[in-house]
1. What distance in nm separates the two pseudo spin-label positions at Tyr138 and Thr213, each 7 Å out from Cα along the beta-carbon direction?
2. Quick check for me: using +1 on Lys/Arg Cβ and -1 on Asp/Glu Cβ, what's the dipole size of the range 82-254 about its Cα centre, in debye to the nearest 20?
3. Under 16 Å from the Cα of Lys235, which lysines turn up, not counting those fewer than eight places away in the same chain?
4. Which Cα, out of Thr130, Val86, Ser103, lies furthest along the positive dipole direction of the range 86-155 (beta carbon charges, K/R +1, D/E -1)?
5. Calculate the spin-label point distance for Asp237 paired with Val38, positioning each point 7 Å from the Cα along the beta-carbon direction, and give it in nanometres.
6. Using only the Cα atoms of the range 109-198, build the gyration tensor, take square roots of its eigenvalues as a ≥ b ≥ c, and label the shape rounded, prolate or oblate: rounded if a/c is under 1.5, else prolate if a/b is larger than b/c, else oblate.
7. Based on the mean of other Cβ atoms within 10 Å per residue, sort peptides 149-159, 117-127, 241-251 so the most packed one is first.
Amino acid sequence: MSLFHRHTDYSIEQGNIRYMDGSSLLRPMDMPRSQQIVMAVFVVIAVIIGVRLAAGAITAVNDSNTQNKASVEENLSRTVSYNLPVLTQMADMDDQAILDSLSAAGYTVYNRTAEGTAGLDLVKLPEDVTVADAAAMYAKGVGGLTASQAALLLNGSWTLTVDRSDTLTMAVKYADFSSSTLEAAIQAAVAAEGFQAASTSTDTDEVGNTFQTGTVDIDDVTYTWRVSAAPLSDKYDIKGLPSTAAYVGIRLTAM
């Protein structure tokens, strides 16, 4: 008995040339029925697992969206106070006097004013947002926040800038989540500032902002005021915030 298996010759000789015999490749490749059954079972199991994984992923996404929506609604429904600064009362104040008045009012203020520059860049924060938290969110960029984070930061906050480089210009900007229209948001801001408009009608500027404007005399100096509003979504591309939210700007400029 040979210790070695006989090697099957799969070649064909034609003259001095030897070719590989391809007849073995032509044999039927039918899988035994038992193996077919096993394969079918594995396919069914794979389909079931895939369906369950897909269903779980969809459920997780839906749950996450529901939680995010609930968080946004919670942050928008919390009791906050805007207490908008009345610019006509600040027009004759210097920068330090403005800071002192905000501090005396008990506001939490995030001071973003660059050192060595004239003027102010301030953010009045909601009562439940710390300066450290606000600084972290502003460092990320408001547009990069989730809807829940943006609702927490913007609802009840406003920015105040004071520019004294040429003539005095003071501006307040904030998000209005309570007014149902841009016109209503403008009227609310006009009333809060105590401006007297010759007409309650609004106009639209070249970039699409709805606005109302007028003049006011303060200590024998005439100032122009302008209140404008645009959809908040035009300012920040944050999905999940109310479509009716407005971005309001109030400006007072010495003539």
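1. About 2.9 nm, to one decimal.
2. Computed about the Cα centre, the dipole is about 600 debye.
3. Lys140, Lys173
4. The residue sitting farthest along the positive end of the dipole is Thr130.
5. Between Val38 and Asp237, the label points sit 5.4 nm apart.
6. It comes out oblate by the Cα gyration axes.
7. 149-159, 241-251, 117-127
Quick note: the coordinates plus some simple rules give every number you see, no bench work behind them. Keep in mind the model is a prediction, meaning the values are calculated, not measured. As a convention, Cβ positions derive from the backbone with ideal geometry for all residues, glycine included, and neighbour counts pool all protein chains shown.
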